[in-house]
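Any read-out appearing in this document is the output of simple, stated calculations on the displayed coordinates, not a laboratory observation. What you see is a predicted model, and the numbers here were worked out from it, not measured in a lab. In this analysis, Cβ positions are derived from the backbone assuming ideal geometry, glycine residues included, and neighbour counts consider all displayed protein chains.
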Amino acid sequence: MVGLPELNRRTFFKGAGALAATAVGAQLLVGCNASKVRGYGGSPRALPIPPVELGVREGSKVHFTLVAQAGDTQILPDVTTHTWGFNGTHLGPTLVMKSGDEISVDVTNGLDEMTTVHWHGMKLPAVADGGPHSPIGAGQVWSPEWTVANEAATLWYHPHTHGLTGLHAYRGLAGMIIVEDEAATALDLPQDYGVDDIPLVLMDHRFLEDGSLDEEDLPDLGLLGDTPTVNGITNAHFAASTRRVRFRLLNGSNMRFFNMAFSDGRQFQVIASDTGLLDSPYEMSNLAIGPGERWEILVDLEPGEDVTLESVGFADNFGVPDDEFVPDFGMGDSFQLLTITGPAEDAATAPALPGLLVKSTVPDIIDAPERSFVLNTFSINDQQMDMQRVDVIIDHAEPEIWKVTNDNSDWPHNFHIHDARFKVVSFEGTDVELFNEGWKDTVGLPPGATATLAVEFGHYPDPTWPYMYHCHMLYHEDQGMMGQFVIVNPGDKPAVHLGSGAAAAGHEH
Ligand code: C2O
Ligand code: CU
Ligand code: CU
């Protein structure tokens, strides 16, 4: 299981597609050599639904409590694995917030080492953003506050510990955030959490013989896994009770790009991107989702039918050369994620799809300042992350144009910006076609690609706290593929208090 040469061969997920056709019980990703993979087979287990957390609400003030903790979890069917989680042993509850809510959170670090918690996709003051400058020491509590400025969307939270984000997320510190607003709630879309509105946290792991997580970074690939999990288990099964289901897809993996499709190639409707609803539903039969990204999809199911949600190999290998000189990023892998059975005969007919979901807007970028970011190996604009260096100063409230290039010819990257949402206004330099509609906060970058982004930032000027932008392939981020920006009032200079985050942000429990 540990042999690197084997992992570098394009073998792991091959064969899963063929197995799909056999028995439900044998589904999932048995690699070419099943003995390399522990715990497969056995019966599928019911898809766990992360508990919903509404917080304690008084009017528009809502208080959440999160405790990062360690424990034992049955990710595989026949063995327990030591994992981390929020308010439980693995992953975290789904936090539900409404636009305009005044949020306060107490995040207690019940682990025996430092971590941080970042609210990915949220527009909020940098002091509350939970980046690497906001460490929460073991036993400490961090208490950020902000008002939800986002529209309805599927966001998430995860650690952002300097150099250790990947490992902390891999161990299980990740949860979903659902932001609701009145316009979205009024739409005739599935929105009964856990019934027809289903969170799917997609990850991948590697396991040692004793069931513990294999935490060894592979050369160039970090914690790319060979064992996909959905909501924290392998071999998950969802028994639908309605004819239309909304899946909120979150790629919480360190390094893997999934290419979502159903086993029978059926069409589904994409209704939301990273940071909100699309203008209208888009019919698709496959959909790329890179590390950190979210999509919401609707799928219609016939009573009693069986269908499987899969990840299929990218036909173009995501633009990554498929040869022995390039690390195997897994772009050609095909494997199953979730078996699904349709509802009962008497399930109500699904309503007509709303034609219009939200009014489409684009940031006004006519006179917007333009910046470029060139990603190459572990650096951005030839520099690696330095907590002491501010790379970008934004001294206005208007949108900007960020031109982001993947300068590697054989590595994929992606690009995420904190405190922001953006539209991809052009996508060039690659033949790979990515679906980039809607508001996003993370964009995939095949080799050679240049994405031009019209970026709208949350405007909370504060010279003392930086935000991050980075590649969200977490091994790349942890290797330094990250930079810092501050938002200040016109003419102000950044005055980041460096390395003092722990003292400023935490207090004894
Ligand atoms: Cu989800 Cu800075 O990241
Ligand atoms: Cu983020
Ligand atoms: Cu990268």
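Look at the dipole of the chain built from charges on Cβ: of VAL56, LEU218, THR442, the Cα furthest out on the positive end belongs to VAL56.
Charge dipole (Cα centre; +1 on Lys/Arg Cβ, -1 on Asp/Glu Cβ; no other charges) of the chain amounts to roughly 500 debye. Counting only Cβ charges, +1 for Lys and Arg and -1 for Asp and Glu, the dipole size of segment 223-326 around its Cα centre is about 520 debye. Computed from phi, the 3J(HN,Hα) profile of segment 491-496 under the Karplus parametrisation 6.51, -1.76, 1.60 (θ = phi - 60°) reads x, 6, 10, x, 9, 5 Hz, with x in place of Gly and Pro.
Ordering of 460-472, 233-245 by packing is 460-472, 233-245, highest average first (other Cβ atoms within 10 Å, averaged per residue).
For segment 339-479, the calculated P(r), taken from all Cα-Cα distances in 10 Å bins from zero up to the bin holding the longest distance, is 10, 35, 29, 13, 9, 3, 0 percent.
Mind ordering 116-127, 482-493, 333-344 by average Cβ neighbours within 10 Å, highest first?
Packing order, densest peptide first, comes out as 116-127, 333-344, 482-493.
Amide hydrogen proximity for ASP129: with H placed 1.01 Å from N in the peptide plane, no residue at 5 or more positions away or on another chain lies under 5 Å. Taking each DSSP H run with n ≥ 4 as -39500 (n - 2.57) and averaging over every residue of the chain yields -1000 deg cm²/dmol at 222 nm.
Across segment 112-118, computed HN-Hα scalar couplings (Karplus, 6.51 cos²θ - 1.76 cosθ + 1.60, θ = phi - 60°) run 9, 9, 5, 9, 9, 10, 10 Hz from first to last residue, x flagging Gly and Pro. In a simple Cβ point-charge model (Lys, Arg +1; Asp, Glu -1; nothing else charged), segment 378-499 has a dipole of about 160 debye relative to its Cα centre. According to the Cα-based calculation, Rg over Rh for segment 179-318 is 0.99, with Rh computed by the Kirkwood formula. With the charge dipole of the chain set up from +1 on Lys and Arg Cβ and -1 on Asp and Glu Cβ about the Cα centre, the Cα lying farthest toward the positive end among the listed residues PRO327, MET176, GLN74 is that of GLN74. Summary of packing: across the peptides 354-362, 256-264, 141-149, 214-222, the per-residue average of other C-beta atoms within 10 Å ranks them, highest first, as 256-264, 141-149, 214-222, 354-362.
Semi-axes, largest first, in whole Å: what does sqrt of 5 times each Cα gyration tensor eigenvalue give for the chain?
So the equivalent ellipsoid measures 32, 26, 24 Å along its semi-axes.
Close amide H partners of ILE380, meaning residues 5 or more places away or on another chain with modelled amide H under 5 Å apart, are MET482. Residues whose amide H comes within less than 5 Å of that of GLU53, counting only those at least five positions distant or on another chain, are THR94, LEU95, VAL96 (H built at 1.01 Å from N in the peptide plane). What separates the Cα centres of segment 43-100 and segment 321-369 is a distance of 24 Å. When the Cα convex hull of segment 95-167 is projected onto planes of every orientation, the mean area is 4.8 nm². Taking the charge dipole of segment 312-441 about its Cα centre, with +1 at Lys and Arg Cβ atoms and -1 at Asp and Glu Cβ atoms, the residue from LEU338, LEU353, VAL312 reaching farthest to the positive side is LEU353.
Modelled label positions at ALA397 and THR185, each set 7 Å beyond Cα in the direction of Cβ, lie 2.7 nm from each other.
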